[in-house]
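In what follows, a structure is listed as structure tokens, so that the remarks can point back to it.
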Amino acid sequence: MPGLEDLYREIILDHYRSPRNRGELPVPPAHKVEGFNPLCGDEVVLYLDVDPDTDTVRDVKIAGQGCSISQASTSMMSAAVKGKSVAEARQLIRAFKALMSIHEHKLEGEGDGADLQAELEGVRLGDLEALQGVVKFPVRIKCATLAWNTLQQGLDETG
């Protein structure tokens, strides 16, 4: 489907050229966490403000540098989790990683990924699905998941 691939490419380029939630938050109350991919030099800096009373991601700001995939994924992640409960953010993390893994399993001939499909049940990924084409290039999966691993670390540290 060339039309769908073109749309996905445009979504990724839009988030790369005009990243959402770019900036910094005061630390504290926000928590700063950094992720780095030594294989390609991608860097993600995440400022995470979780409201302890409501257990909600009150605000998230991003910084860093790297390839279009890592920076677009970081932008998409920040837009997806802002205003969500910590539980919803964790569910998005699992679903996004499952999306990357399911397609990776299919490409490697390891079945249909049905075991990972449960993580995607009832989760609307929206624009994040644009990144599923990354799995055709296995070395780029780490670029796409860097922001999500960094978010998971941040949530673990603030929890």
Legend entry - Test: L25 is modelled with pLDDT of 95 or more, in a strand (DSSP E or B), out of contact with any Pro (no Cβ under 7 Å at 6 or more places or on another chain) and of a type outside the set (V, I, T): no
Inset, instruction - Inspect all residues belonging to the stretch 27-44 and state whether any of them is among the hydrophobic types (A, V, I, L, M, F, W, C), surrounded by 23 or more Cβ atoms within 10 Å (Cβ to Cβ) and touching a strand residue (DSSP E or B) at 6+ places or on another chain (Cβ under 8 Å). - result: yes
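Search the stretch 76-110 for residues being in contact with a Ser or Thr (Cβ under 8 Å, 6 or more places away or on another chain) and assigned to a helix (DSSP H, G or I), and hand back the single one that is modelled with the highest pLDDT.
V86
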Legend entry - Residue that is surrounded by the most Cβ atoms within 10 Å (Cβ to Cβ) [pool: residues in the stretch 71-88 that are of a type in the set (A, V, I, L, M) and over 16 Å from D127 (Cβ atoms)]: V86
Legend entry - Filter result (free of Cβ contacts under 8 Å to residues at least 40 places away in the same chain and within 24 Å of A87 (Cβ to Cβ)) within the stretch 33-58: Y47, D49, D51, P52, D53, T54, D55, T56, V57, R58
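For I11, indicate whether it is crowded, with 17+ Cβ neighbours inside 10 Å, touching a Cys at 6+ places or on another chain (Cβ under 8 Å), in a helix (DSSP H, G or I) and modelled with pLDDT under 95.
On the way: crowded, with 17+ Cβ neighbours inside 10 Å: yes; touching a Cys at 6+ places or on another chain (Cβ under 8 Å): no; in a helix (DSSP H, G or I): yes; modelled with pLDDT under 95: yes.
It is false that I11 is crowded, with 17+ Cβ neighbours inside 10 Å, touching a Cys at 6+ places or on another chain (Cβ under 8 Å), in a helix (DSSP H, G or I) and modelled with pLDDT under 95.
For the stretch 57-70, which residues satisfy the criterion of being surrounded by 19 or more Cβ atoms within 10 Å (Cβ to Cβ) and among the polar types (S, T, N, Q)? Quick ask: steps written out before the conclusion?
Step one: filter the stretch 57-70 for residues surrounded by 19 or more Cβ atoms within 10 Å (Cβ to Cβ), giving 57, 60-62, 64, 66, 69-70.
S70, the sole residue that qualifies.
Identify, from the list D49, D59, D42, the residue that is within 22 Å of P19 (Cα to Cα), acidic (D, E) and either within 14 Å of the chain's Cα centre (by Cα) or modelled with pLDDT under 95 (or both).
Details: D49 fails: either within 14 Å of the chain's Cα centre (by Cα) or modelled with pLDDT under 95 (or both); D59 fails: either within 14 Å of the chain's Cα centre (by Cα) or modelled with pLDDT under 95 (or both).
Residue meeting the stated conditions: D42.
The values are calculated or read from the model by the stated rules, or taken from the named source; none is laboratory data. For clarity, every value in this text was computed on a predicted model and none was experimentally measured. Methodologically, a virtual Cβ is constructed for each residue, glycine included, from the backbone with ideal geometry; neighbour enumeration extends over all protein chains shown.
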